[in-house]
Amino acid sequence: MSEYFHSVTLDKDKCKGCINCIKRCPTEAIRVRDGKAHIITERCIDCGECIRVCPHHAKQAITDPLSVMDNYKYKIALVPPSMSGQFNNLEDPELITTALRGIGFDAVFDVGRAAELVSDATRKLLDAGSLQKPVISSACPAVLRLIQVRFPTLLDRVLPLLAPVELAARMAKDEAEAQGYKRDEVGCIFLTPCPAKVTAMRTPLGTETSDIDAAVAVKDVYPLLLPAMKKATDIDPAQSGRIGLGWAESGGEAAGLLTTDAYLAADGIENVIRVLEDLEDDKFPEVEFVELDACAGGCVGGVLQVENPYIAKAKIKKLRRYMPVSLNHLETKEVPELLNWETALEYNPVLELGKTKQESFDRYAELEDILEKLPDLDCGSCGAPTCEAFAEDVVRGDAELGDCVVLMRQKMEAILQAAGLDGKGNKID
C-alpha cells in the first residue's frame with residue numbers, strides 16, 4: 001500500500017523529547033531519537049492521541065483555513081452532529097446552520113442527514129443477513145486504519161458503507177448541481193472534529209476520490225460562530241432527528257439501528273484495541289454490530305473540538321429530548337449504490353518485519369533472541385515504547401542493542417567491578 005497524506009505532524013522546535021507520546025501511540029509509530037520525537041509515517045493512523053497527550057503542543061493537525069471557501073463559487077458547510085455539543089445554552093441545533101450562512105456559506109448540509117441514511121442502510125444489511133457478524137462500523141477512519149495495520153483478519157467484518165461525511169458531500173454536490181451549479185464550482189467544506197477525518201478526505205477509504213474539498217477545524221470556526229449566532233434570525237428547518245444527532249457520541253450509531261440490542265460500543269483508542277483483540281478471538285458470538293470510536297466519548301472527544309467531551313454529551317442529550325426519531329429514510333428496499341464502498345479495505349503490512357514470510361520468520365527469531373537480553377522493563381529510556389518495539393528497531397537496523405540504557409548501565413557496572421571499583425569509581429576493599 002502506498003503512503004498517504006498525514007494530518008498529524010510534529011513541530012520539532014516545541015518537542016522536549018519526553019516519552020508521553022510513544023507510550024500512547026496505538027501503532028507504536030513514534031520514537032524519540034537524539035532528544036526529539038520522530039513519527040514513523042507508514043505506521044501513523046492519524047488518531048490524534050499524540051496531540052491529546054503532548055504537554056508541549058509539539059504534535060499538531062494540518063487543516064484548512066476558513067478562507068479556503070473563497071476558492072469556490074458555491075460554498076457548502078458540512079456540519080458534524082458533534083458540533084451541537086460545543087455551545088452553551090443552545091436550544092436549537094439549526095441555529096448553527098443559520099449562523100454558518102451568516103459567516104459566508106451559501107448552504108449548510110447537516111451530516112446527520114447522511115448518518116440517518118447510513119443507519120437505515122445498516123439495518124437493511126443486517127436484516128438481510130448478508131454480512132459476517134459481528135459487523136464493525138466503518139464510520140471512524142482512525143479505527144479503519146488501525147484494522148488495516150494491526151487486525152487484518154477483521155477486514156471482512158467492516159461495514160462496506162461510506163462514512164456519513166463522505167455521503168453528505170456527495171449528496172450536497174448532487175443537490176447543488178440540481179440547482180444549476182457545475183460540480184467543480186461547488187466546494188464542500190467539512191468542519192472537522194479530528195485529524196483522522198482530514199486524512200480520510202485526502203486519502204479516502206472505500207472510494208477512490210472524495211467529494212470533500214476542504215476540512216476546517218471546529219475550533220477555528222467556533223469563535224466566528226458565537227457572534228453570528230447572536231445575530232441569527234429566521235432559523236433554518238431541521239435536517240435530521242435524534243438518530244442523526246446521536247452519531248455525535250459513542251453508542252449513538254449502534255443505538256440508531258433500532259432493530260437490535262445485540263450491539264457493543266467502545267470509545268477511546270486503548271479500549272478499541274482491547275475490543276478488536278477480543279473480536280479476533282471470537283469472544284462476542286452474540287453481538288451483531290460493533291461501534292468503535294478512537295476518541296474518548298466518540299466524535300465529541302475529537303482533539304479539534306473546544307468542549308469537554310462529557311459536557312458535550314450532556315448538552316446533546318438535552319437537545320435530543322424533543323426531536324423526532326429520524327427525518328431521513330431510504331426510499332428503496334435495497335441499499336442504493338451511492339452508499340456502497342467502491343473499493344475494499346486492504347491489509348497494510350507496515351508492522352511486518354520482512355517483505356516475505358521467510359524473511360519475517362527469520363527476523364522474528366532474531367527478535368526473540370534480542371528480547372531475551374533485554375530487561376523487560378518497558379521504561380522508554382531508549383526512545384521506543386516497549387522492549388519489544390526496541391528489539392524490532394534493532395532487527396530493522398534502526399537502533400543498536402547498546403542504546404538500551406539498562407544494558408549499558410549493567411555493562412558499565414560489570415567493567416567497574418572487574419576493575420575492583422564500585423559504582424562511584426571508588427576502590428572496593
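The values are calculated or read from the model by the stated rules, or taken from the named source; none is laboratory data. These numbers were taken from a predicted model, which means no experiment stands behind them. Note that we place each Cβ from the backbone using ideal geometry, even for glycine, and neighbour counts take in every protein chain shown.
Which condition breaks for GLY354 when tested against (1) over 30 Å from SER210 (Cα atoms); (2) surrounded by fewer than 12 Cβ atoms within 10 Å (Cβ to Cβ)?
(2)
Among the candidates VAL306, VAL300, which residue alone is within 30 Å of ALA238 (Cα to Cα) and outside any loop (DSSP other than H, G, I, E, B)?
Numbers: VAL306 fails: outside any loop (DSSP other than H, G, I, E, B).
Step by step, each of VAL306, VAL300 is checked, and only VAL300 is within 30 Å of ALA238 (Cα to Cα) and outside any loop (DSSP other than H, G, I, E, B).
From the set of residues in the stretch 374-388 that are among the aliphatic types (A, V, I, L, M) and more than 10 Å from ARG31 (Cα to Cα), which is surrounded by the most Cβ atoms within 10 Å (Cβ to Cβ)?
Checked the stretch 374-388; the qualifying residue surrounded by the most Cβ atoms within 10 Å (Cβ to Cβ) is LEU374.
It is to be established whether one or more residues within the stretch 102-110 are hydrophobic (A, V, I, L, M, F, W, C), in contact with a Phe, Trp or Tyr (Cβ under 9 Å, 6 or more places away or on another chain) and at pLDDT 95 or above.
Within the stretch 102-110, one or more residues are hydrophobic (A, V, I, L, M, F, W, C), in contact with a Phe, Trp or Tyr (Cβ under 9 Å, 6 or more places away or on another chain) and at pLDDT 95 or above.
Tell me which of these ASP278 doesn't satisfy, since it passes every other one: (1) assigned to a helix (DSSP H, G or I); (2) surrounded by fewer than 22 Cβ atoms within 10 Å (Cβ to Cβ); (3) touching a residue at least 60 places away in the same chain (Cβ under 8 Å).
Among (1) assigned to a helix (DSSP H, G or I); (2) surrounded by fewer than 22 Cβ atoms within 10 Å (Cβ to Cβ); (3) touching a residue at least 60 places away in the same chain (Cβ under 8 Å), ASP278 violates only (3).
Output the number of residues of the stretch 147-172 satisfying the condition of being buried (at least 24 other Cβ atoms within 10 Å of the Cβ) and assigned to a helix (DSSP H, G or I).
7
List every residue pair whose Cβ atoms lie under 7 Å apart, where the two residues are 6 or more positions apart in sequence or sit on different chains, the first residue falls within the stretch 341-364 and is closer than 19 Å to VAL394 by Cα, and the second residue, located anywhere, is polar (S, T, N, Q) and surrounded by 14 or more Cβ atoms within 10 Å (Cβ to Cβ).
Correct list of pairs: GLU352/SER360; LEU353/SER360; GLY354/SER360.
Counting residues that are farther than 20 Å from ILE62 by Cβ and in contact with a strand residue (DSSP E or B) (Cβ under 8 Å, 6 or more places away or on another chain), which helices (runs of 4 or more DSSP H) fully inside the stretch 191-271 reach at least 1?
Where helices (runs of 4 or more DSSP H) fall fully within the stretch 191-271 and carry at least 1 residues being farther than 20 Å from ILE62 by Cβ and in contact with a strand residue (DSSP E or B) (Cβ under 8 Å, 6 or more places away or on another chain), they are 242-246, 252-255.
For residues in the stretch 295-318 being among the aliphatic types (A, V, I, L, M) and in contact with a Lys or Arg (Cβ under 9 Å, 6 or more places away or on another chain), which is surrounded by the most Cβ atoms within 10 Å (Cβ to Cβ)? Give the derivation first.
Initial filter on the stretch 295-318 (among the aliphatic types (A, V, I, L, M)): 296, 300, 303-304, 306, 311-312, 314, 316.
Now drop any that are not in contact with a Lys or Arg (Cβ under 9 Å, 6 or more places away or on another chain), which leaves 296, 300, 303-304, 306.
Working: ALA296: 18, VAL300: 32, VAL303: 22, LEU304: 24, VAL306: 16.
Among those that are among the aliphatic types (A, V, I, L, M) and in contact with a Lys or Arg (Cβ under 9 Å, 6 or more places away or on another chain), it is VAL300.
Evaluate the following for PHE109: is it in contact (Cβ under 8 Å) with a residue 60 or more places away in the chain, in a strand (DSSP E or B) and in the same structural domain as GLU331 (by TED's automatic domain parsing)?
yes
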